[in-house]
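Step one of this worksheet: look at the structure below.
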Amino acid sequence: GGFPPPPEVAIVTVEPATVPVSYEFAAAVVPFRRVEVRPRVEGIIQERSFTEGAVVAVGDVLYRIEPTKYEAAFHAAESRMQTAKLRVDRYAPLLAQNAVAKQDVDNAQSDYDAAQSVLAQAKRDFDDTFVRAELAGRVGRTMLDVGARVSSAGDLLTTIDRLDPVYVSFRPSSQQLLEWSRDPISRALIKPGSNLVVEAVLPDGSVAPQKGRLDFVAPSLDFATGTQEFRATFPNGSNLLVPGQFVRARLVGFNEPNALTVPARAVQTAMGRQFVYVAAEGDTVRQRDVTTGHWSGDRWIIASGLSTGDRVIVDGIQKVGPGRVVRPTPLGAAPAAATAPAKAEGKTP
């Protein structure tokens, strides 16, 4: 005979507190700077020396343009310059003896100067048959390949994206922006150069070790989407973030004052609604519908449904149902809850 003793449950007593809140948005990695690679001389592409998508250093050869014409012009300019120099060298001592007209010496000198500048240009053209990377970064796809004819500067060959740093671009909704604008502290955080920390959450759920800083906020809303572009700059020496990659931008640094929070595992979902169990008068279990707000660490902020002093059941939920009498003990004190995570107030993951 006799009734079994009431089951022991672990509870938290809901108290308002200022808690950290993080926001997450879909985001894309975009290049900090993109340069276009164009030829400076015209001709047939003889060779492409890179793999599309590879990382290149300044000075790496990307393409070779058929050099024969430019090599010939360079050698011709070289011999013309040598001839002009011999003439200047021969005239100089003769002028001292008045054995040659000053005009002839001046002409020889100006021929020599002209030959030097023709040679410099011919050398530049010959060097430019090697198309080199002028920026370190990730090279894109080639627009033209071996055998194609290029006309100098008219043709785009490829692009190079600078990889360190990179931007992470995300777009909060107009509703979210309005919510932030009502709070002076949040309003200050969403200005470029603020203390806001931006984390990049990778597709596998891990967080990139480097942290971003808000660098740019578009001056106006995009009416088509009702969003505004935000951009954070991330150091990226490890090339972990790649332009074109989709990530999630997590904004850390916001606080919510007077928030009522409960550990996430206390919130149950059934038939599309969320509820918690509370230990009411006489330690009797009641089911209470709640609306959750934002995350704070591993806790939900409860937007509505709970009041200060409510005793919410966190552990032992499987033993209870509405109307059941329980024996509540504070979370962390109960033996059953020895393995439960500590209260995460003031922490973010």
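The values are calculated or read from the model by the stated rules, or taken from the named source; none is laboratory data. What you are looking at is a predicted structure, and each value in this text was computed from that prediction instead of being measured. Reconstructed Cβ throughout: ideal geometry from the backbone, glycine too, with neighbour counts over all protein chains shown. Surface accessibility is based on the protein's heavy atoms, side chains included, excluding ligands, DNA and RNA. Shrake-Rupley method; radii C 1.70, N 1.55, O 1.52, S 1.80 Å.
Which is the longest stretch in the chain that no exposed loop site breaks, taking sites as GluC sites (Glu not before Pro) with a DSSP loop state and at most 14 other Cβ atoms within 10 Å?
Longest stretch, sites excluded: 135-349.
When Lys and Arg each count +1 and Asp and Glu each count -1, what net charge do the other residues less than 10 Å away from residue 236, Cβ to Cβ, add up to?
Cβ neighbours under 10 Å give a net charge of 0.
Taking the Cα centre of the chain as origin and charging only Cβ (+1 Lys, Arg; -1 Asp, Glu), how large is the dipole, in debye to the nearest 20?
640
Treat every Asp and Glu Cβ in the range 136-186 as -1 and every Lys and Arg Cβ as +1, leave all other atoms uncharged, and give the resulting dipole magnitude about the Cα centre to the nearest 20 debye.
That gives a dipole near 100 debye.
Taking the C-alpha atoms of the chain, how large are the radius of gyration and the largest Cα-Cα span, Dmax, in Å?
Gyration radius and largest Cα-Cα distance of the chain: 36.0, 140 Å.
Rounded to a whole number of µm²/s, how large is the Stokes-Einstein D of the range 200-270 at 10 °C and 1.306 mPa s, given Rh as the Kirkwood radius over C-alpha pairs?
Result for D is 102 µm²/s.
Regarding the range 164-241, what is the average projected area of its C-alpha convex hull, in nm²?
Spelled out: convex hull of the Cα atoms, projected over all directions, averaged, 5.8 nm².
Taking the dipole about the Cα centre of the range 22-102, with the C-beta of Lys and Arg at +1 and of Asp and Glu at -1, give me whichever of 27, 82, 45 is farthest to the positive side.
Final value for the positive-end residue is 82.
Which aspartates and glutamates, on any chain, are close to residue 102 with Cα under 18 Å apart, when same-chain ones fewer than 8 places away are left out?
By straight Cα distance, residue 102 reaches 89, 111, 113.
Report Rg(Cα)/(2.2 N^0.38 Å) for the range 107-159, keeping two decimals.
1.67
If you line up the long axis of helix 102-127 against the longest principal axis of the chain, both from Cα atoms, how many degrees apart are they, to the nearest 10?
40
Round to the nearest 10 and give me the degree value, 0 to 90, for the angle of helix 68-96's Cα axis relative to the longest principal axis of the chain.
In the chain, helix 68-96 runs at an angle near 50 degrees to the longest axis.
Could you pull the Rg and Dmax for the range 181-325, using just the Cα atoms, both in Å?
That works out to 20.3, 61 Å for Rg and Dmax.
Tell me, how many Å apart are the Cα centres for the range 31-87 and for the range 237-276?
The distance from the Cα centre of the range 31-87 to that of the range 237-276 comes to 52 Å.
Does the range 45-119 come out rounded, prolate or oblate by the C-alpha gyration tensor, with a ≥ b ≥ c the root eigenvalues, rounded set by a/c under 1.5 and, if not, prolate when a/b is larger than b/c and oblate if not?
Judged from the Cα gyration tensor, the range 45-119 comes out prolate (a/c at least 1.5, a/b above b/c).
Calculate, axis by axis, the spread of Cα positions in the range 158-201 along the three principal axes, and write the results as whole Å, longest axis first.
Principal-axis extents of the range 158-201 (Cα, largest first): 46, 21, 19 Å.
Probe radius 1.4 Å, ligands and nucleic acids left out: which of 278, 252, 58 has the largest accessible area, and how do the rest follow?
58, 252, 278
What accessible surface, in Å², does a 1.4 Å probe find on residue 174, ignoring ligands, DNA and RNA and rounding to the nearest 10?
Probe radius 1.4 Å; accessible area of residue 174 about 50 Å².
Just add up the charged neighbours of residue 269: K/R +1, D/E -1, any other residue whose Cβ is under 15 Å from the Cβ of residue 269.
Result for the neighbourhood of residue 269: +2.
Could you tell me what percent of the DSSP beta bridges with both partners in the chain are antiparallel, to the nearest 5?
Counting only bridges with both partners in the chain, antiparallel ones make up about 95 percent.
Using only the alpha carbons, work out the radius of gyration and Dmax of the range 1-136 in angstrom.
Rg and Dmax of the range 1-136, Cα atoms, are 36.7, 140 Å.
So for the chain, taking the charge dipole from beta-carbon charges (+1 Lys/Arg, -1 Asp/Glu), which of 73, 224, 12 sits furthest toward the positive end?
The one lying farthest along the dipole's positive direction is 12.
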